Amino acid sequence: MNGARPARVHRLVATGAAAAYAALSALGLVLFLSSRAPSLTPALGSAPPPGGERTNLAFFRRGARVETSSYAYLYIHHPLFAIDGITGAPNDKEEWVPDRRTDRRPWLAVHLGRPADIDEVVVWHEPRYTKRSYSVSCLEKGAVLNRTMAAAGADVRVAYPLVCAGADSVRLDFTWDPYDADGHIRLTEIEVWGR
């Protein structure tokens with residue numbers, strides 16, 4: 001009888017430890033999922049001086065920041081990938097993808113770090129996924145200076161002549177049905193060319 005009691009105690013302790021481990025793991029997962037990184041990236045460089053050479057102002061090392069309505073953080077599709085300077089994603093993770101579960105009107109804005117004269121916006125995306133129309137706008141302090149409508153196409157690189165003087169950001173607004181199989185948005189890179 002005495003030998004049965006320690007075995008039962010060991011089973012109870014093991015069961016209790018397994019339950020505590022499972023509860024802590026679940027709590028850790030909940031905390032991880034609820035504390036995703038913010039969708040506004042910090043400035044990691046400095047903007048080039050105005051009036052210089054024509055350059056990609058949306059590159060993160062030139063002081064650009066990106067802000068989005070959401071991103072698929074469970075799959076590591078962080079917005080910073082949209083301004084990292086890599087136009088051909090080596091894998092399916094290095095691109096911005098909005099969160100299909102919660103975002104009904106996805107958008108992406110690139111804050112340039114200073115007012116600039118823009119002449120072109122280039123969007124790199126995966127055409128087999130990004131099959132929705134979208135608008136490309138340049139803004140100054142939130143006010144739209146110029147806008148063009150874009151339709152999904154078969155090209156990986158799409159250039160939009162968009163002339164704006166004194167713009168401090170560029171914004172893409174997408175229309176989509178997140179429940180449609182063709183409703184994915186996969187943006188590899190955005191370039192904002194100007195001085």
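Where a number appears in this text, it was derived from the coordinates with a stated rule and is not lab data. Small disclaimer: the values here were computed from a predicted structure and weren't measured. Every residue, glycine among them, receives a Cβ derived from its backbone with ideal geometry; neighbour counts consider all protein chains shown.
Annotations
- Under-5 Å amide H pairs with Glu140, H placed in peptide plane, nonlocal only: Leu145, Asp168
- Stretch gain in nm, segment Arg104-Ala159, where the contour uses 0.36 nm per residue and the Cα spacing is subtracted: 17.2 nm
- Per-peptide packing, taken as the mean over residues of other Cβ atoms within 10 Å, places 59-67, 156-164 in the sequence 59-67, 156-164 from highest down.
- Percent of Cα pairs exceeding the 22 Å cut-off, where the set is segment 55-194: 30
- Residues within the reach of a label modelled at Asp117 (point 7 angstrom out along Cα to beta-carbon, backbone nitrogen below 18 Å), restricted to segment 42-71, are 48-58.
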